[in-house]
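Take a look at the structure below.
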Amino acid sequence: MTNQIKNKIRLLIVSGGASFENTIFRVFGAIEEIEWTHIDSDKKAFGEDLREKYDVIIMYNLNQNPDETLKKNLKRFIEAGKGVIVLHHAIATYNSWNWWYEEVVGGRYLMQPDGDLPSSNYMSHQEIIGIPVGKHSITSSLSGLPVHIYDETYKNMWLSPKIKVILQSNLFTSDKPLIWISPYEKSRVVVIIPGHGWGAHYNLGFRSLLKDAILWAGYKT
């Protein structure tokens with residue numbers, strides 16, 4: 001599925017490995033500043049060098065076993081200074097790839113216990129109140145006000161102490177960080193925890209946050 005418009009941010013959405021509601025594509029279809037392509041397999045998406053084809057990649061996939069070709073091309077893309085957005089369940093992707101979750105993402109959802117760390121857990125149909133932290137162009141549309149989103153929450157994730165949180169929650173079923181900026185210095189990497197279903201996809205606050213994250217990751221703000 002491709003929507004092509006000239007002189008826009010070239011966005012690749014990578015899915016696969018997890019079910020999701022197609023309402024997410026309505027979010028992208030409403031953003032005039034982008035042209036977007038969807039590939040439903042990360043192995044297919046990263047089977048080639050993407051540096052000349054896209055400006056930003058949204059990871060919306062779930063895969064624990066990336067092959068060496070995938071690793072090479074994704075790492076090339078990121079180290080070239082391209083933008084990456086890790087959206088919702090993609091926080092649980094590539095848990096065995098230390099470079100990815102420690103340096104690039106700054107967090108991971110644990111599918112199973114890891115040493116002294118318990119497995120993470122989720123809760124559906126939660127009223128999330130997202131509170132902006134500091135000032136950032138991604139959250140500027142909120143004007144410092146909370147955003148209410150009905151969506152799935154994640155709890156007990158591993159989080160790097162180096163992440164910069166820009167939206168947080170005080171909900172007991174959720175870890176505090178909802179949106180953060182990765183500590184990775186060679187690229188613009190954003191992690192957005194909400195984004196499971198239509199409760200987020202139709203939410204104007206979530207739509208604004210995702211749009212502004214794409215613009216920031218694409219070096220447009």
**OP:** Check Gly81, Gly106 and return the single one that is surrounded by fewer than 21 Cβ atoms within 10 Å (Cβ to Cβ) and either within 13 Å of the chain's Cα centre (by Cα) or under 15 Å from Ile58 (Cα atoms) (or both).
**Re:** Gly81
Subject >> Pairs with Cβ under 6 Å, 6+ apart, first in the stretch 156-168 and closer than 10 Å to Ser182 by Cα and at pLDDT 95 or above, second part of a loop (DSSP other than H, G, I, E, B) and among the hydroxyl-bearing types (Ser, Thr, Tyr) >> reply: none
**OP:** For residues that are at pLDDT 95 or above, within 21 Å of Ser119 (Cα to Cα) and assigned to a loop (DSSP other than H, G, I, E, B), tally how many sit in the stretch 67-105.
**Re:** 3
**OP:** Output the qualifying pairs, or none if there are none: Cβ atoms under 7 angstrom, residues six or more apart or on different chains, first residue in the stretch 11-37 and of a type in the set (Ser, Thr, Tyr), second residue part of a strand (DSSP E or B) and surrounded by fewer than 17 Cβ atoms within 10 Å (Cβ to Cβ).
**Re:** Thr37/Thr2
Original post:
For the stretch 117-174, which residues satisfy the criterion of being farther than 18 Å from His196 by Cα, part of a loop (DSSP other than H, G, I, E, B) and hydroxyl-bearing (Ser, Thr, Tyr)?
Top reply: Ser119, Ser137, Thr139, Ser143, Ser160
**OP:** Filter the stretch 28-68 down to residues that are surrounded by fewer than 12 Cβ atoms within 10 Å (Cβ to Cβ) and among the acidic types (Asp, Glu), then give me how many there are.
**Re:** 4
Subject >> Conditions (1) in contact with an Asp or Glu (Cβ under 9 Å, 6 or more places away or on another chain); (2) within 14 Å of His196 (Cβ to Cβ): number failed by Tyr109 >> reply: (1)
Subject >> Residue selected from the stretch 164-179 under the condition within 25 Å of Gly81 (Cβ to Cβ) and β-branched (Val, Ile, Thr), by the criterion surrounded by the fewest Cβ atoms within 10 Å (Cβ to Cβ) >> reply: Val165
Original post:
Regarding Ile78, is this residue in contact (Cβ under 8 Å) with a residue 40 or more places away in the chain, out of contact with any Cys (no Cβ under 8 Å at 6 or more places or on another chain) and within 30 Å of Lys155 (Cβ to Cβ)?
Top reply: yes
**OP:** Would you point out which residue out of Gly205, Gly197, Gly134 is touching a residue at least 24 places away in the same chain (Cβ under 8 Å) and at positive phi?
**Re:** Gly134
Original post:
Just wondering, is there one or more residues in the stretch 180-200 that are out of contact with any Cys (no Cβ under 8 Å at 6 or more places or on another chain), surrounded by fewer than 20 Cβ atoms within 10 Å (Cβ to Cβ) and more than 30 Å from Trp97 (Cα to Cα)?
Top reply: yes
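The values are calculated or read from the model by the stated rules, or taken from the named source; none is laboratory data. Keep in mind the model is a prediction, meaning the values are calculated, not measured. Methodologically, a virtual Cβ is constructed for each residue, glycine included, from the backbone with ideal geometry; neighbour enumeration extends over all protein chains shown.
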